[in-house]
Amino acid sequence: MSIEDQHGEAGERTQQTHIQLPAPTFFPIVFAFGVTLLFAGLLTFWLVSFIGFLVFFVGALGWWRNVIPHEDHELVSIEPEHRPAPVMVETRSVVRLRAGEQAHRMRIPIEVHPYTAGIVGGLAGGAAMAALACLYGLVAEHSIWYPVNLLAGVVIPGLGHATTEQLRQFMAGPFIAALIGHIGISILVGVVYAAILPMFPKYAPLWAGVLMPLFWSGLTYPVLDIINPALNRRISWPWFVICQLAFGLVGGFFVARSTHIKTLQSLPMAERAALHYPTEQTSTTKDVH
């Protein structure tokens with residue numbers, strides 16, 4: 001038993017030598033034991049229930065007499081000199097951090113890659129992907145225009161029903177459509193890399209080079225099967241996955257090696273909207289990060 005339990009809590013001061021507490025009683029335990037025997041007899045023998053009823057009645061009557069008409073109390077002696085000294089409370093001021101100071105209440109990512117890095121990475125990854133696709137066309141179909149026309153078939157449904165010889169030929173319309181679509185999608189995916197790769201700083205190469213290309217390939221197959229099933233059957237999906245992996249590895253490399261820029265989430269709304277120039281304190285906070 002601690003000193004607080006014997007002599008009271010810290011900070012209490014009184015001249016009394018005794019304290020009044022409820023008197024201890026064993027009748028609640030007797031009452032509970034009687035209830036247990038009363039119900040146990042329902043599963044065993046009636047005599048057990050009868051004995052339980054007697055014990056229950058004695059416990060209830062004794063408990064009743066302890067609290068009605070007046071509660072029983074007892075006096076417990078106390079020794080004020082043995083009580084702990086009162087706790088001295090000091091008045092202190094609390095310095096609250098602003099959002100952004102020492103990464104307080106900031107959302108991940110705190111830093112991101114610039115969009116220009118995503119554009120460069122997307123174009124570099126798209127070039128690597130196009131080179132492997134043309135290599136497949138030369139090896140499998142003896143024409144670099146075969147994969148180009150297949151890519152154009154995504155937006156030109158009629159190419160899905162073209163013959164293999166027609167797909168091997170150069171066609172200006174499909175070439176322009178494939179070029180614009182490939183560059184646009186490459187830039188878009190590169191910008192997405194620049195935005196989300198800082199969320200995975202430890203596993204950025206794995207996410208960019210392997211997991212995201214596999215996810216993109218798995219999403220493209222069922223979508224293309226709905227849009228143009230005839231074209232979907234003519235695509236070599238193992239080569240398609242290899243080209244996607246090349247895009248992820250090259251594009252992710254260019255994005256990951258670029259410099260980081262801090263997000264504006266720690267700045268007030270007026271400064272984010274360029275209505276006010278960042279204050280000296282905000283600049284110092286940014287330097288800390």
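Just a few scattered comments:
- Each residue in segment 135-156 was checked for being assigned to a helix (DSSP H, G or I) and more than 41 Å from the chain's Cα centre (by Cα), and 9 pass.
- The set of residues from segment 196-215 being in a helix (DSSP H, G or I) and loosely packed, with under 15 Cβ neighbours inside 10 Å comprises 199, 206, 211, 214, 215.
- Selection within segment 92-120: residues that are surrounded by fewer than 13 Cβ atoms within 10 Å (Cβ to Cβ) and among the charged types (D, E, K, R). The member of this set that is modelled with the highest pLDDT is 92.
- Checked against the criteria, residue 130 counts as touching a Pro at 6+ places or on another chain (Cβ under 9 Å) and part of a helix (DSSP H, G or I).
- Where a residue in segment 154-177 is assigned by TED's automatic domain parsing to the domain that holds residue 236 and of a type in the set (S, T, N, Q) and its partner, wherever it lies, is assigned to a helix (DSSP H, G or I) and surrounded by 11 or more Cβ atoms within 10 Å (Cβ to Cβ), with Cβ under 9 Å and at least six apart: 164/141; 164/146; 166/149; 166/159; 169/145; 169/149
Table: residues versus (1) in a loop (DSSP other than H, G, I, E, B); (2) within 57 Å of the chain's Cα centre (by Cα); (3) at pLDDT 75 or above.
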{"residue": "1", "(1), (2), (3)": "yes, yes, no"}
{"residue": "31", "(1), (2), (3)": "no, yes, yes"}
{"residue": "34", "(1), (2), (3)": "no, yes, yes"}
{"residue": "47", "(1), (2), (3)": "no, no, yes"}
{"residue": "50", "(1), (2), (3)": "no, no, yes"}
{"residue": "56", "(1), (2), (3)": "no, yes, yes"}
{"residue": "61", "(1), (2), (3)": "no, no, yes"}
{"residue": "81", "(1), (2), (3)": "no, yes, no"}
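The values are calculated or read from the model by the stated rules, or taken from the named source; none is laboratory data. It should be emphasised that the depicted structure is a prediction, and the values quoted were computed from it without experimental measurement. Cβ coordinates were reconstructed from backbone atoms using ideal geometry, including for glycine residues, and neighbour counts include every protein chain displayed.
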